[in-house]
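Have a look at the structure below, then the notes.
The values are calculated or read from the model by the stated rules, or taken from the named source; none is laboratory data. If you're wondering where the values come from, they're calculated on a predicted model, not measured in any experiment. With ideal geometry, Cβ positions are generated from the backbone for all residues, glycine too; neighbour counts draw on all protein chains shown. For accessibility, only protein heavy atoms count, side chains too; no ligands or nucleic acids. Shrake-Rupley method; radii C 1.70, N 1.55, O 1.52, S 1.80 Å.
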Amino acid sequence: MDNKEVQLLKRALERQKKARQQAERILEQKSTELYETTQQLKEANGTLENLLSEKVSELDNVFVNIIDPYVVMDMYANVINMNTSAKEFLGYDNTKEKVNLTSLVHQDYLKYTAESFKYLLEVGTLKNYRAKISVKNGDEKWIEINASLIFNTKREPIGAQGIIRDITQEMEIKELLEQQRKQLDIIVESSPLGIILSVESQIIKSNRTFTELLGYTEAEFKKMKFEEFSKVIEGPSANEIVMQMSEGKIDKDVVIKRYYKKQGGCLIGKTSISAVRDYKGNLKYVLAMVEDITREREAEERLIYEREKYASIIANMNLGLVEVDTEDVIQFVNQSFCSMSGFQEDELLGKKGSDVLRVQNKNVLDKENEKRAEGESDSYELEVLDKSGKIKHWLVSGAPRYDGDKKLIGSVGIHLDITTQKLLELQKELLVKELEQSNKGLQEYAHIVSHDLKSPLRSISALATWIQDDYKDVLDEAGQENLTLMQDKVASMDKLIQGILEYSTANDSALDNSSVDLNKVVEKIKESIFIPEHVALVVPKPLPTIIADSTKMHQLFQNILSNAVVHIEKEKGLVEVLFVENKTHWQFSIKDNGVGIPKEYHKKIFEIFQSIGANERSTGIGLSIVKKIIDRYEGEVWVESEKDMGTEFHFTIKKEPTNLNS
């Protein structure tokens with residue numbers, strides 16, 4: 001039931017009350033006339049019943065037109081007479097059955113009824129007696145009775161008369177209003193919103209939420225006016241709103257106010273102001289509901305700040321930003337994207353991106369759009385034609401876009417122009433191919449040269465041997481020594497040619513990677529190189545088995561070990577092969593107690609054709625081959641040594657190298 005219906009029912013009850021009050025006045029007037037008549041009946045000698053019957057007969061004629069139920073009873077509440085309305089309302093007929101009014105009263109109102117009857121006897125009249133009764137059909141009714149006593153000639157009460165009003169509907173409305181009021185009180189007190197009721201800027205009611213928000217008690221609020229603890233920061237002033245409400249121009253308005261707390265500090269409140277009017281439409285109260293939006297406002301301000309900050313960054317960054325809907329229609333572009341594509345903003349907005357930009361690899365774009373639909377983010381390359389028709393290569397980082405309800409509404413892409421890098425990559429690929437061809441040619445040339453050089457060397461060596469054998473009786477000691485020296489030079493030349501060949505193939509891409517037991521590698525090296533009798537080559541603990549090219553590992557260890565064993569002048573020479581395992585690499589160390597290497601040569605020895613001193617047996621290629629192989633396995637090589645203090649060669653080999661074929 002809404003407020004308008006309640007107001008209509010109230011007006012109807014008011015009219016009924018006025019009509020019944022008029023009927024009661026008539027009843028009292030006629031009762032007085034009846035009493036005067038009974039005084040004049042001094043000559044009547046009838047019994048009490050006849051007297052009452054005569055009076056009731058007269059009353060029947062008087063109240064025959066009264067709408068409300070009318071009842072006459074004796075002093076024991078037995079009905080003597082009742083009008084038609086009373087018979088219809090109560091369901092009883094006193095002419096057919098005995099009716100006692102007390103028996104109809106609800107048990108909850110028996111005590112109240114006894115007290116009211118006592119009051120009637122003392123005063124002579126009873127007004128606004130209200131109780132609940134049960135009528136004949138079992139229905140419970142609320143009634144209101146206005147009654148007066150009936151006296152005999154001696155002024156002794158002999159009965160009572162009264163008009164019964166059915167106030168059931170009125171009481172139901174009252175009860176409903178009371179329930180609604182209680183419910184409203186509960187809602188108001190439990191509301192998360194602060195609620196204030198005021199009259200002419202004077203607060204008359206505030207709920208618990210509002211008192212907790214600002215820290216004042218309700219009693220303190222009743223002594224204050226709004227302007228003492230609040231200030232409008234958005235919207236019209238409170239006086240302006242109340243004025244418009246008073247003039248009937250508006251019933252509601254919303255303003256944003258700053259509210260000041262009792263203990264200091266403030267909050268921002270969204271304040272909804274409503275007019276409460278009486279049945280004539282006049283402004284009676286002003287109701288204000290306050291929602292604390294301090295956090296929301298702070299979040300909005302931060303969001304605005306972030307948006308402005310990032311909007312400036314996006315607008316000026318070198319990355320092109322594009323937002324499209326689910327149909328690939330462009331919704332937003334920044335200036336960088338316009339510069340990248342050659343189009344103006346109005347030439348792009350509202351157009352389908354893949355069409356206006358003439359994407360050359362649409363199959364890639366179609367697959368990426370499918371990923372966006374599934375909520376996936378990804379990076380990919382696009383080949384497009386800009387406005388002038390030039391081919392552009394873009395690196396795109398794409399992600400799905402959602403609305404506030406987490407519904408997919410499109411995607412956003414950040415574009416980086418990699419055209420220059422792409423051209424450089426193509427040039428690099430060409431250069432790599434050319435370099436591969438050049439390396440292949442050089443390797444072939446190295447093999448040919450080594451073959452062509454070794455052939456005459458072998459011939460020279462053979463001729464020297466023949467001369468030495470054929471003319472051994474003719475040549476003197478000096479001649480024999482020269483031929484021997486020639487043989488040594490030929491051997492050195494052969495060794496140099498072999499070293500150059502090995503160096504040229506150290507980066508050969510054809511690697512045979514497999515499990516290599518380094519213990520077996522070292523054993524084979526022991527058998528193949530010259531180790532002086534006073535030198536011991538030892539492996540203190542077993543070496544690991546690694547994934548590598550067996551030939552390269554043999555070259556690597558042999559070149560270091562062969563240098564180590566021949567540069568020891570002490571009485572007892574010692575060469576040790578050690579290792580430690582790191583997370584990503586194997587680290588090997590080859591230590592000797594030889595002559596050592598001066599610090600100025602620590603880096604120089606890894607360069608080709610660089611050797612220490614005037615050792616004619618050294619080609620200066622061995623350690624440069626070591627460096628190339630270790631680089632191949634993404635490791636490092638270094639030396640720790642001082643003159644006459646021995647040498648430690650350290651190198652690392654990556655466990656899982658990534659550029660084995662580079």
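Here is a list: Lys270, Lys309. Which entry is modelled with pLDDT of 85 or more and out of contact with any helix residue (DSSP H, G or I) (no Cβ under 8 Å at 6 or more places or on another chain)? Full working, then the answer.
Working: Lys309 fails: modelled with pLDDT of 85 or more.
The match here is Lys270.
Considering each of Thr209, Thr168 in turn, give the residue that is among the polar types (S, T, N, Q) and closer than 30 Å to Asn83 by Cβ. Can you show your working first?
Numbers: Thr209 fails: closer than 30 Å to Asn83 by Cβ.
The unique qualifying residue is Thr168.
Among the residues in segment 324-343, are any assigned to a helix (DSSP H, G or I), open to solvent by 40 Å² or more (accessible area, probe 1.4 Å) and of a type in the set (S, T, N, Q)?
Our first condition is that a residue be assigned to a helix (DSSP H, G or I); within segment 324-343, this holds for 335-341.
Filter again for open to solvent by 40 Å² or more (accessible area, probe 1.4 Å), leaving 335, 339.
If we keep only those that are of a type in the set (S, T, N, Q) as well, we get 335, 339.
Yes, because at least one residue in segment 324-343 is assigned to a helix (DSSP H, G or I), open to solvent by 40 Å² or more (accessible area, probe 1.4 Å) and of a type in the set (S, T, N, Q).
Quick check on this structure: which one of Glu634, Glu569, Glu616 is modelled with pLDDT of 85 or more and in a loop (DSSP other than H, G, I, E, B)?
Within the list Glu634, Glu569, Glu616, the selection yields Glu634.
So Arg130 fits all but one of (1) open to solvent by 50 Å² or more (accessible area, probe 1.4 Å); (2) at pLDDT below 60; what number is the exception?
(2)
Pick out the one residue from Glu240, Glu218, Glu234 that is under 26 Å from Ser190 (Cβ atoms) and either modelled with pLDDT of 90 or more or not hydrophobic (A, V, I, L, M, F, W, C) (or both).
Working: Glu240 fails: under 26 Å from Ser190 (Cβ atoms); Glu234 fails: under 26 Å from Ser190 (Cβ atoms).
Only one candidate qualifies: Glu218.
Quickly run through segment 363-408 and pick out the residues that are in a loop (DSSP other than H, G, I, E, B) and of a type in the set (S, T, N, Q). Break it down stepwise before answering.
Narrowing segment 363-408 to residues in a loop (DSSP other than H, G, I, E, B): 374-377, 386-390, 403-407.
Listed by number, the residues that qualify are Ser377, Ser388.
Can you spot a residue in segment 86-102 that is farther than 28 Å from Gln169 by Cα, open to solvent by less than 50 Å² (accessible area, probe 1.4 Å), aliphatic (A, V, I, L, M) and modelled with pLDDT of 90 or more?
Narrowing segment 86-102 to residues farther than 28 Å from Gln169 by Cα: 95-98.
Right, trim to open to solvent by less than 50 Å² (accessible area, probe 1.4 Å) and you get none.
Taking every residue of segment 86-102 in turn, none turns out to be farther than 28 Å from Gln169 by Cα, open to solvent by less than 50 Å² (accessible area, probe 1.4 Å), aliphatic (A, V, I, L, M) and modelled with pLDDT of 90 or more.
Would you say Ser377 is within 17 Å of Thr326 (Cα to Cα), in contact with a strand residue (DSSP E or B) (Cβ under 6 Å, 6 or more places away or on another chain) and either open to solvent by 40 Å² or more (accessible area, probe 1.4 Å) or of a type in the set (S, T, N, Q) (or both)? Steps first, answer last, please.
Details: within 17 Å of Thr326 (Cα to Cα): yes; in contact with a strand residue (DSSP E or B) (Cβ under 6 Å, 6 or more places away or on another chain): yes; either open to solvent by 40 Å² or more (accessible area, probe 1.4 Å) or of a type in the set (S, T, N, Q) (or both): yes.
Taking the combined requirement at face value, the residue satisfies it.
Restricting attention to segment 250-265, which residues are free of Cβ contacts under 8 Å to residues at least 24 places away in the same chain and closer than 21 Å to Ala299 by Cα? It would help to see each step written out before you state the result.
Initially, segment 250-265 is screened for residues free of Cβ contacts under 8 Å to residues at least 24 places away in the same chain, giving 252-255, 264-265.
Val254, Val255, Gly265 - these are the residues of segment 250-265 that are free of Cβ contacts under 8 Å to residues at least 24 places away in the same chain and closer than 21 Å to Ala299 by Cα.
Which of the residues spanning segment 357-370 are open to solvent by 50 Å² or more (accessible area, probe 1.4 Å) and touching a Phe, Trp or Tyr at 6+ places or on another chain (Cβ under 9 Å)? So that I can check it myself, show each step before the final result.
Within segment 357-370, the subset open to solvent by 50 Å² or more (accessible area, probe 1.4 Å) is 358, 360, 362-363, 366-367, 369-370.
Answer for segment 357-370, where residues must be open to solvent by 50 Å² or more (accessible area, probe 1.4 Å) and touching a Phe, Trp or Tyr at 6+ places or on another chain (Cβ under 9 Å): just Lys367.
For segment 259-271, enumerate the residues that are of a type outside the set (Lys, Arg) and within 14 Å of Ser230 (Cβ to Cβ).
First pass over segment 259-271, keeping only residues of a type outside the set (Lys, Arg): 259-260, 263-269, 271.
Selection gives Tyr259, Tyr260, Gly265, Cys266, Leu267, Ile268, Gly269, Thr271.
Looking only at residues that are surrounded by 11 or more Cβ atoms within 10 Å (Cβ to Cβ) and not in a loop (DSSP other than H, G, I, E, B) in segment 104-114, which one is nearest to the chain's Cα centre (by Cα)? Show your work before the answer.
In the first step, residues of segment 104-114 are kept if they are surrounded by 11 or more Cβ atoms within 10 Å (Cβ to Cβ); the result is 104-106, 109-110, 112-114.
Now narrow it down to the ones that are not in a loop (DSSP other than H, G, I, E, B): 104-105, 109-110, 112-114.
On the way: Leu104: 69, Val105: 66, Tyr109: 63, Leu110: 67, Tyr112: 66, Thr113: 68, Ala114: 71 Å.
The selected residue is Tyr109.
To keep it simple, each residue is scored yes or no on (1) open to solvent by 90 Å² or more (accessible area, probe 1.4 Å); (2) more than 49 Å from the chain's Cα centre (by Cα); (3) modelled with pLDDT of 80 or more.
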position	(1), (2), (3)
Asp386	no, no, yes
Lys390	yes, no, yes
Leu395	no, no, yes
Asp405	yes, no, no
Gly413	no, no, yes
Lys433	yes, yes, no
Ala446	no, yes, no
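Taking Leu120 as the residue in question, decide whether it is crowded, with 18+ Cβ neighbours inside 10 Å, outside any strand (DSSP E or B) and at pLDDT 90 or above.
Working: crowded, with 18+ Cβ neighbours inside 10 Å: yes; outside any strand (DSSP E or B): yes; at pLDDT 90 or above: yes.
Criteria met by Leu120.
For the subset of segment 520-554 comprising residues that are part of a loop (DSSP other than H, G, I, E, B) and open to solvent by less than 30 Å² (accessible area, probe 1.4 Å), which member is farthest from Asn582 (Cα to Cα)? Walk me through how you get there before you give the answer.
Keep residues of segment 520-554 that are part of a loop (DSSP other than H, G, I, E, B), which gives 529-534, 539-544.
Retained after the next criterion (residues that are open to solvent by less than 30 Å² (accessible area, probe 1.4 Å)): 529, 532, 543-544.
Values: Ile529: 30, Pro532: 34, Leu543: 14, Pro544: 12 Å.
Only one residue fits best here, namely Pro532.
Can you list residue pairs whose Cβ atoms sit under 9 Å apart, with the first residue in segment 408-423 being free of Cβ contacts under 8 Å to residues at least 60 places away in the same chain and the second being assigned to a strand (DSSP E or B) and open to solvent by less than 20 Å² (accessible area, probe 1.4 Å)? Count only pairs 6 or more apart in sequence or on different chains.
Here the result reads Ile418/Trp394; Thr419/Trp394, each pair linking segment 408-423 to a residue that is assigned to a strand (DSSP E or B) and open to solvent by less than 20 Å² (accessible area, probe 1.4 Å).
Under 8 Å between Cβ atoms, which residue pairs at least 6 apart in sequence (or on different chains) link something in segment 627-656 that is in contact (Cβ under 8 Å) with a residue 40 or more places away in the chain with a partner that is aromatic (Phe, Trp, Tyr) and part of a helix (DSSP H, G or I)?
Lys628/Tyr503
Can you tell me which of Lys257, Lys262 is charged (D, E, K, R) and either outside any strand (DSSP E or B) or open to solvent by 70 Å² or more (accessible area, probe 1.4 Å) (or both)? It would help to see each step written out before you state the result.
Working: Lys257 fails: either outside any strand (DSSP E or B) or open to solvent by 70 Å² or more (accessible area, probe 1.4 Å) (or both).
Sole residue among the options that is charged (D, E, K, R) and either outside any strand (DSSP E or B) or open to solvent by 70 Å² or more (accessible area, probe 1.4 Å) (or both): Lys262.
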